[in-house]
Amino acid sequence: MRPVPDKGKEPVSHSRVPTILERGLLFFLVWLVLMPSVKLADLVVGVIAAVLATWTSLRLLPPEAGYLRFGALLAFVPHFMWQSVLAGVDVARRAFDPRLPLRPGFVVCRVGFPPGPARNEFAVITSLLPGSVPAGDVEGAIIYHALDTRQPVAEQLAEEEKRLTAALIGGDGHD
Amino acid sequence: MRIAADIFTIVAILTGAFFFLAGTVGLLRFPDTLTRLHALTKADNLGLGLVVLGLLPQSSSVFGGLKMILVWLLVLLASATVSQLIARAARRGGPHP
């Protein structure tokens, strides 16, 4: 029993193989839903598209950068659907109001998420909330543009952060 | 049953169209880039969601319905991403009316 000779040949990329396969399969499934055809030519184009999408995703979001718990996020879908409805109703109400009740301004919201996927995901999710759009970030905080600064924007965002912390922070992979 | 599905479709799509109208009215009436961004993203996301919801009972197959939901989710993702990029650019350049 000699020691495994190709120990040195086991590069970091080895541990990336499951991620690559997982993402590739996911992209191909998305393709199949969007282009439900079993013609060979369509499938070939789908495979090429999935490979390109996987390659792009590895460039933009390397597996080492941390991961998102999509399963945990699914539990929040009803909540954010409802928030999204409230956001639409809020905008519609203001748009049709003859007095145009707006008091736009910036609200700086401190977040515990480290810069990276978790913070970006938080920004994307919170952009669905009523009255706030992420408009930049500074050290340890996201700057939101609020439609009405009289609303408790910062408080609501802090509450969402509490709600999402468990779902967005993976066990490891964050520095 | 068919009638109930059709009524649901009509109500949901009309409500969706109402939110598209609201988004457009906001786009015209709101004072600057950032507030207009709110109008477009929030109202149109909801409008498109309602249109998709209304079309689901009319879909001929489960795959067709799945496709519409997926398209809606892709639009949500794109609009959330693009609205942030525009908001960042607008904040740096200062809000122009």
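A few points about this structure:
- Candidates B:Leu14, B:Leu50, B:Leu66, ranked by Gaussian network fluctuation over chain B, Cα under 10 Å, top entry: B:Leu66
- Length-normalised contact order for segment A:70-168 - Cα pairs under 8 Å, 6+ apart - percent: 34 percent
- Intensity falloff of segment B:2-93 expressed as log10 I(q)/I(0), Debye formula with alpha-carbon point scatterers, at q = 0.17, 0.19 Å⁻¹: -0.76, -0.87
- At an R0 of 41 angstrom, the distance between the Cβ atoms of A:Glu139 and A:Ala75 translates into a FRET efficiency of 0.85.
- Order of A:Ser37, B:Ser83 under a 10 Å beta carbon neighbour criterion, fewest first: A:Ser37, B:Ser83
- Those residues of segment B:26-65 whose amide nitrogen sits under 20 Å from the label point placed on B:Asp6, 7 Å along Cα→Cβ: B:51-61
- Residue order, fewest to most beta carbons within 10 Å, for A:Val107, A:Val138, A:Val133, B:Val82: A:Val138, B:Val82, A:Val107, A:Val133
- Kirkwood analysis of the Cα pair distances in the protein assembly as shown returns a hydrodynamic radius of 20.9 Å.
- Within the protein assembly as shown, helix-based [θ] at 222 nm, where runs of 4 or more DSSP H residues each add -39,500 (n - 2.57), nearest 500: -22500 deg cm²/dmol
A short reminder: the numbers here are calculations on the coordinates, not readings from a lab. The structure displayed is predicted, hence computed values, not measured ones. Cβ coordinates were reconstructed from backbone atoms using ideal geometry, including for glycine residues, and neighbour counts include every protein chain displayed.
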